[in-house]
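Worksheet: the structure to be examined is printed underneath.
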Amino acid sequence: MKLTIEDVRSRFIKHFDGTTGSIYASPGRINLIGEHTDYNNGFVFPGAVEQGIIAELKPNGTRKVRAYSIDLKDYTEFLLDDEQGPRATWARYIYGVCREMMALGVPVEGFNTAFAGDVPLGAGMSSSAALESTFAYALNDLWGENKIEKMELARVGQRTEHKYVGVNCGIMDQAISVLGKKGALLRLDCRSGEYEYFPWNPKGYQLLLVNSCVKHELVGSPYNERRLSCEKVAAVIAKKHPEVSSLRDANYEMLDEIKSEITDTEYRRARYVIGEVARVLAVCDALQKDDYETVGRMMYETHYGLSKEYEVSCEELDYLNDIAKEEGVTGSRIMGGGFGGCTINLIADELVDNFKKVVTEKFKARYGKEPILIDVVIGDGARKLC
């Protein structure tokens with residue numbers, strides 16, 4: 001069920017002083033292609049979705065933030081000047097954004113807030129980035145007089161992940177949550193921060209997310225270890241090719257030159273990233289020609305790489321990908337960091353209804369539960385609702 005302003009406002013009134021504040025929203029995201037390329041300074045190709053986070057905020061005249069998570073039914077308070085911050089992970093996202101906005105010179109004061117989301121948690125749709133972007137945009141509107149430009153708001157969210165939550169993420173999720181535009185995908189250069197909008201109104205095709213309901217968890221070793229592995233390979237290549245500062249600059253030939261100096265696992269992971277950087281650009285070119293068959297082929301190649309080379313898949317996601325192939329789906333792959341979550345599927349209109357039926361039946365027969373199907377509608381980025 002779609003989250004509404006009324007859902008959030010009613011809880012805000014109930015949990016605080018009966019008055020109302022300002023309401024803000026930011027979206028979750030899909031990523032058509034370009035997975036694990038962002039922290040390798042490559043390209044990504046995301047779009048904002050209609051699902052996201054809605055939050056109501058009202059200054060309270062103190063130095064204290066009073067926050068209520070409607071979905072978790074959890075309440076916490078923290079002082080803006082507290083060096084430690086709250087313990088609850090969800091509250092640390094808000095605390096981190098406050099601290100980073102203050103570091104940029106925004107004179108943030110205490111506020112009351114209640115928020116909720118309809119981005120499926122753990123589905124790879126970046127509910128955490130939507131949360132960060134909502135509060136960064138809101139604090140900029142309330143106290144910054146909109147002086148902080150949008151890309152810097154995205155970096156506020158990224159720094160929050162790094163410094164307060166422990167996820168050494170790239171910039172993609174926060175960037176699209178802030179910069180998203182209805183009916184458009186965003187090709188983002190994660191090195192320079194430059195971006196370009198590509199219209200997304202495919203004729204004859206639809207995007208469908210199939211949520212495996214396997215929750216993924218990016219905090220800690222699986223994600224950060226892969227990032228360190230990529231950085232190590234880039235450093236080894238740079239000894240022979242000083243122009244290489246990240247895997248974005250490398251090619252297969254360079255990688256093969258140093259194969260004996262790295263482990264097989266490091267080699268496979270680097271090979272995946274180098275190929276994925278090229279696939280993003282190939283998909284952008286294909287879309288300009290309405291060549292959806294090439295787009296789909298690249299998506300399948302990405303899934304293979306994520307599963308066999310980068311090793312961030314799981315049995316359930318591989319099974320969903322196999323079903324898509326069997327049913328003639330144009331393109332299908334893991335979306336998000338991996339270890340669970342969704343596949344994103346590019347499907348010809350005439351196959352959509354049958355695929356929904358078949359994937360639901362087969363997945364339930366094997367795993368005893370139905371996947372959640374999410375029709376993708378590309379929506380707007382961070383904004384004030386009222």
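No lab work stands behind these numbers, since they all come straight from the coordinates. Quick caveat: nothing in here was measured; it's all calculated off a predicted structure. No Cβ is skipped: glycine too gets one built from the backbone with ideal geometry, and neighbour counts run over all protein chains shown.
Here is how the numbers come out for the structure above:
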| quantity | calculated |
| --- | --- |
| Residue-by-residue Karplus 3J(HN,Hα) for the stretch 340-351, coefficients 6.51, -1.76, 1.60, Hz, glycine and proline x | x, x, 10, 9, 10, 10, 9, 10, 4, 3, 6, 9 |
| Rounded to 10°, Cα long-axis angle of helix 150-160 versus longest principal axis of the chain | 90 |
| Which listed pairs, of K203/K289; K182/K357; K14/K181; K58/K384; K150/K289, have C-alpha distances above 23 Å, in listed order | K182/K357; K14/K181; K150/K289 |
| ³J(HN,Hα) computed for each position of the stretch 191-203 - Karplus, 6.51 cos²θ - 1.76 cosθ + 1.60, integer Hz, glycine/proline x | 7, 8, x, 6, 9, 9, 8, 10, x, 10, 9, x, 8 |
| Percent of Cα pairs exceeding the 15 Å cut-off, where the set is the stretch 134-188 | 49 |
| The chain: angle of helix 292-304 to the longest principal axis, Cα-based, in degrees nearest 10 | 90 |
| For the stretch 92-109, Karplus couplings with θ = phi - 60° (6.51, -1.76, 1.60), whole Hz, Gly/Pro x | 5, 4, 5, 4, x, 4, 4, 5, 6, 5, 4, 5, 7, x, 7, x, 5, 10 |
| Long-range amide H partners of A184 with built H, under 5 Å | W200 |
| Along principal axes, Cα extents of the stretch 5-200, largest first, whole Å | 45, 33, 30 |
| Normalised contact order of the stretch 92-212, rounded percent, pairs of Cα under 8 Å and 6 or more residues apart | 24 |
| For the stretch 5-200: relative contact order, % (alpha-carbon pairs under 8 angstrom, 6 or more apart) | 26 |
| For V49, residues with placed amide H under 5 Å, excluding near neighbours | G28, R29, I30, G379 |
| Rg to Rh quotient for the chain, alpha carbon positions, Kirkwood Rh | 0.98 |
| Principal axis dimensions, the stretch 298-386 - Cα atoms, whole angstrom, descending | 46, 32, 27 |
| Cα-based radius of gyration of the stretch 121-273 once divided by 2.2 N^0.38 Å, which approximates compact folds | 1.23 |
| Average silhouette area of the stretch 217-339, convex hull of alpha-carbon atoms, in square nanometres | 8.4 |
| Estimated FRET transfer efficiency (A278, D349; beta-carbon r; R0 45 Å; 0.05) | 0.95 |
| Cα centroid of the stretch 220-292 to Cα centroid of the stretch 348-386, whole Å | 31 |
| Normalised contact order of the chain, rounded percent, pairs of Cα under 8 Å and 6 or more residues apart | 23 |
